[in-house]
Amino acid sequence: MVRAGIGQGLLLGAFAILALALASLPAQAAGDTLLITGQLTYLPRIALTPDSLAIVELRDSASADAPVVAERRMALQGRQVPLPFELGVDRATLVPGVRYAVRGGILAAGRPSWATEPLVVDTAAETIELGELVMTPVRARGFASTLRCGDLTITVGFQGDLLRLEAGAEAIDLKQVESASGARFSAGTEPPTTFWSKGERATLVLHGVTYPECVVQRAEAPAFRARGNEPGWSLVIDAAGLVLTTGYGEARLAVGAPVPPPADGGVVLGVRPDGFAVGDPESAPIHGRIVLNEYLGRESYLHLDLEDGGDAVVEVSPDARHRAGETIGLSVKPGAAHLFAAADERRLAA
């Protein structure tokens, strides 16, 4: 009996030591959670639609394509900015030495509408209070153009079936409406906001105010590049001049620009809509996806997203059967390409 009592005493003592050891361990357990709080907001006085969805996420700051570590989604159901949020992060998912960033945004009708810039945070902190995260409009990825309407500069671009109009800090989505010519879009609000495009010019009514005729502004481009097969050839046009390589590199022709390039190096390649020839995508040197087929009566204008990230407007016959989403091939007609200085639009090459 005495031996049993001693054995039980030793066992109880071992449990007591183990309990003390566990109590002395750091408080970070497997389920320890990092709490990140803040508010999503934006400056323009624009109401969110009832179907809007707010998203806050944490991911590796090294890449925008890195997997999401933690995410919070909030159906707004009519709520407006500022939008408070709490994001819980399981510390077990955090990799030591990796820098993480928080980003927030709004989806409207299932499409990105507003977003913040990624903000790097210290995930070693006990809690993180970010305060206000200011969002800006998400720029349309489809065909986008900058236009000058008198003293007002605007940007228009397609996002799905909508035309996004950006003027200053304001972003407005417009739907296409019936028009006898050109392409007309309306926000469906009062006072009215409409955008009526007719080729390289357009008419803007913003909150009931009619602006002077809008003219497309040339976008800065560092160089023009084209290539083709059978036989293999490539063409590069930049501020230094023109370089044509043929026969899969066997022959090379270089022509310098007849006037000095601009001091800032900015060069614009100009091709009018009637300066393009539409061809087979398999053999044409330039490829583009049609975003809009704009019927103007005597002709139609195809608005294209080019595969190199640029855009173009191409004049075609109104009888040509082209549709949005179709990929077509292009080539530049002889003498139709011109170089200009981006700063002052000075002609660089004849």
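The values are calculated or read from the model by the stated rules, or taken from the named source; none is laboratory data. As the structure is a prediction and not an experimental result, all values here were calculated from the model. Quick reminder, even Gly has a Cβ in these numbers, built from the backbone with ideal geometry, and neighbours come from all protein chains shown. For accessibility, only protein heavy atoms count, side chains too; no ligands or nucleic acids. Shrake-Rupley method; radii C 1.70, N 1.55, O 1.52, S 1.80 Å.
Considering each residue of the stretch 247-293, count those that are assigned to a strand (DSSP E or B), open to solvent by 50 Å² or more (accessible area, probe 1.4 Å) and at pLDDT 70 or above, and give that number.
Going through the stretch 247-293 one residue at a time, the tally reaches 5.
Residue pairs, Cβ under 7 Å, 6 or more apart or interchain, first in the stretch 234-253 and on the phi > 0 side of the Ramachandran plot, second modelled with pLDDT of 75 or more and open to solvent by 40 Å² or more (accessible area, probe 1.4 Å). List them.
Correct list of pairs: empty, since none qualify.
Please work out which residue is farthest from the chain's Cα centre (by Cα), limiting yourself to the stretch 294-304 and to residues that are more than 17 Å from residue 184 (Cβ to Cβ) and open to solvent by 30 Å² or more (accessible area, probe 1.4 Å). Break it down into steps so the answer makes sense when it comes.
Step one: filter the stretch 294-304 for residues more than 17 Å from residue 184 (Cβ to Cβ), giving 298-299, 302, 304.
Of the ones still in play, those that are also open to solvent by 30 Å² or more (accessible area, probe 1.4 Å) are 298-299.
Working: 298: 34, 299: 31 Å.
In this case the residue turns out to be 298.
Counting just the residues of the stretch 305-318 that are among the charged types (D, E, K, R) and in a strand (DSSP E or B), which one comes out surrounded by the most Cβ atoms within 10 Å (Cβ to Cβ)?
Within the stretch 305-318, the first condition is being among the charged types (D, E, K, R), and the residues that meet it are 305, 307-308, 311, 315.
Subsequent filtering for residues that are in a strand (DSSP E or B) retains 305, 311, 315.
Numbers: 305: 21, 311: 16, 315: 18.
So the residue we want is 305.
Out of the stretch 166-210, which residues are assigned to a loop (DSSP other than H, G, I, E, B) and more than 24 Å from residue 42 (Cβ to Cβ)?
Within the stretch 166-210, the subset assigned to a loop (DSSP other than H, G, I, E, B) is 168-169, 178-182, 187-193, 199-200, 207-208.
178, 179, 180, 181, 182, 199, 200, listed by residue number.
Quick one: is residue 139 at pLDDT 90 or above, open to solvent by 20 Å² or more (accessible area, probe 1.4 Å) and under 27 Å from residue 47 (Cβ atoms)?
No, not satisfied.
Quick check on this structure: which one of 205, 209 is more than 21 Å from residue 271 (Cα to Cα), modelled with pLDDT of 75 or more and open to solvent by 30 Å² or more (accessible area, probe 1.4 Å)?
Details: 205 fails: open to solvent by 30 Å² or more (accessible area, probe 1.4 Å).
Only one candidate passes the filter, namely 209.
Could you figure out which of (1) more than 29 Å from residue 207 (Cα to Cα); (2) out of contact with any helix residue (DSSP H, G or I) (no Cβ under 7 Å at 6 or more places or on another chain) isn't true of residue 47?
Status for residue 47: all satisfied but (1).
May I ask you to list the residues in the stretch 73-106 that are open to solvent by less than 80 Å² (accessible area, probe 1.4 Å), in a strand (DSSP E or B) and of a type in the set (D, E, K, R)?
90
If I filter the stretch 50-67 for residues that are farther than 24 Å from residue 122 by Cα, within 21 Å of the chain's Cα centre (by Cα) and either surrounded by 14 or more Cβ atoms within 10 Å (Cβ to Cβ) or free of Cβ contacts under 8 Å to residues at least 12 places away in the same chain (or both), do I get at least one hit? It would help to see each step written out before you state the result.
Applying the first criterion (farther than 24 Å from residue 122 by Cα) to the stretch 50-67 yields 50-53.
The next check asks that each one be within 21 Å of the chain's Cα centre (by Cα); those that pass are 52-53.
Those still in the list that are either surrounded by 14 or more Cβ atoms within 10 Å (Cβ to Cβ) or free of Cβ contacts under 8 Å to residues at least 12 places away in the same chain (or both) too: 52-53.
Yes.
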